[in-house]
Amino acid sequence: KHQIAKYLTALTTMRVAHALFAAALGKLEQGSDKRGFHITMPTRIVANEFKLEDLKIVKEGQHPSKEFRIFYEYPVGGEMARISAWHDIPFRAGYSQVEKGLPTFHFVCEIPRGTTAKMEINKEHDLNPIAQDLKKGELRFYKYKPEVGSVVNYGAIPQTWESPDTPDELTQIGGDNDPIDVVQLNSRPCEMGEVYPVRILGGLALVDGGETDWKLIVVDDRDEETKTWLDVKDVPVERVSEIREWFRMYKTAEGKGENKFGLNEEAVDAAVAKKVASETFKQWKVLVGEFKEHLSRKEL
């Protein structure tokens with residue numbers, strides 16, 4: 001009995017120590033950085049082992065409302081855990097089903113085609129769920145041609161960041177401080193919060209308020225409708241023009257001026273756009289690295 005009691009005491013001590021260690025690890029893995037962004041250290045998910053089919057979408061609250069959130073859960077250490085839409089879902093999604101060796105990227109759907117609620121990955125909220133943007137405390141909606149809504153499936157590529165401190169190589173203007181934006185051209189409206197692989201075809205260099213705000217042009221890699229589209233030159237010219245004009249004009253409905261585009265308003269091709277995406281992936285790594293260094297200093 002004495003030996004059993006000693007064993008149980010030791011086991012309890014080990015469990016308590018493990019719980020304390022896990023709690024400490026959790027503190028090291030997430031928190032707010034100097035910009036107020038909520039950052040998780042993306043060490044829990046190995047990019048090349050990520051399985052999209054295991055990702056679970058969790059919606060909380062009623063849409064539209066200030067309380068509405070879309071979170072994500074994924075198996076971590078054998079149990080489902082909440083993860084960050086921005087920091088934990090991998091940048092790359094593998095390779096294309098239609099073109100051997102062509103890289104694909106994860107697309108996070110924020111604003112489905114035909115809708116007006118201005119949804120986005122929230123950089124400041126714990127675990128960065130999708131939430132509706134606010135302006136002066138009120139829910140934001142597109143006011144430009146509300147009967148049409150968004151002319152694209154709009155979203156972002158995770159693990160990217162357009163740094164305001166780093167001039168874009170092409171525009172020579174710093175970024176807009178957000179994950180890189182994506183305009184997805186397929187006719188099927190995406191479901192808000194949906195994540196799937198896309199091919200990058202090109203991009204438009206929007207310059208908004210003195211900031212570079214790239215709009216990468218992509219298509220769903222699984223969609224037969226666009227399986228022959230590998231570059232922006234494969235996209236009908238009028239479709240690219242429609243996107244350019246919508247983003248040029250949409251803020252005029254709020255009493256603001258027209259948006260501008262860099263690079264003579266020309267769309268860059270797939271090779272250039274993928275390079276832009278990769279650069280924002282590098283900038284995101286710097287952002288996370290700064291946060292890790294900040295935590296290390298706090299621990300000393």
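About its Cα centre, the stretch 149-200 has a charge dipole of approximately 340 debye under the convention of +1 per Lys or Arg Cβ and -1 per Asp or Glu Cβ, with nothing else charged.
Each residue, R188 and A271, gets one label point 7 Å from its Cα in the Cβ direction; the gap between the two is 3.2 nm.
Peptide packing for 259-265, 270-276, 73-79 was compared via the average number of neighbouring C-beta atoms within 10 Å per residue; ordered from the highest value, the list is 270-276, 259-265, 73-79. Rounded to 0.05, the FRET efficiency of the E49 and N264 pair, given R0 = 51 Å and the Cβ-Cβ distance, is 0.75. Basic side chains Lys and Arg get +1 at the Cβ, acidic Asp and Glu get -1 at the Cβ, and with that the dipole of the stretch 63-146 about its Cα centre reaches some 520 debye. Apply the a/c threshold of 1.5 to the C-alpha gyration tensor of the stretch 210-258 and tell me whether it is rounded, prolate or oblate. Since a/c reaches 1.5 and a/b is larger than b/c, the shape of the stretch 210-258 is classed as prolate. Given their separation in residues at 0.36 nm each and the Cα-Cα distance between them, T166 and K292 gain 43.4 nm when the chain is fully extended. Listed cross-link partners K143/K215; K227/K274; K136/K251; K59/K135; K233/K275; K56/K227 are compared with a 25 Å cut-off, the Cα-Cα value being larger for K56/K227. Here the contact order of the stretch 112-178, divided by its residue count and restricted to Cα pairs under 8 Å and six or more residues apart, works out to 29 percent.
Which value, in debye to the nearest 20, describes the size of the charge dipole of the stretch 220-277 about its Cα centre when Lys and Arg Cβ atoms bear +1, Asp and Glu Cβ atoms bear -1, and nothing else is charged?
Values: 11 positive and 15 negative charges, 76 e Å.
Charge dipole of the stretch 220-277: 360 debye, to the nearest 20.
For the stretch 221-275, the solvent-accessible area with a 1.4 angstrom probe is 56 square angstrom per residue.
Ligands, DNA and RNA left out, the 1.4 Å accessible surface of the stretch 157-233 is 47% carbon and sulfur atoms.
The values are calculated or read from the model by the stated rules, or taken from the named source; none is laboratory data. It should be emphasised that the depicted structure is a prediction, and the values quoted were computed from it without experimental measurement. Every residue, glycine as well, gets a Cβ built from its backbone with ideal geometry; the counts of neighbours run over all protein chains shown. Areas reflect the complete protein model, heavy atoms only, side chains present, ligands, DNA and RNA absent. Shrake-Rupley method; radii C 1.70, N 1.55, O 1.52, S 1.80 Å.
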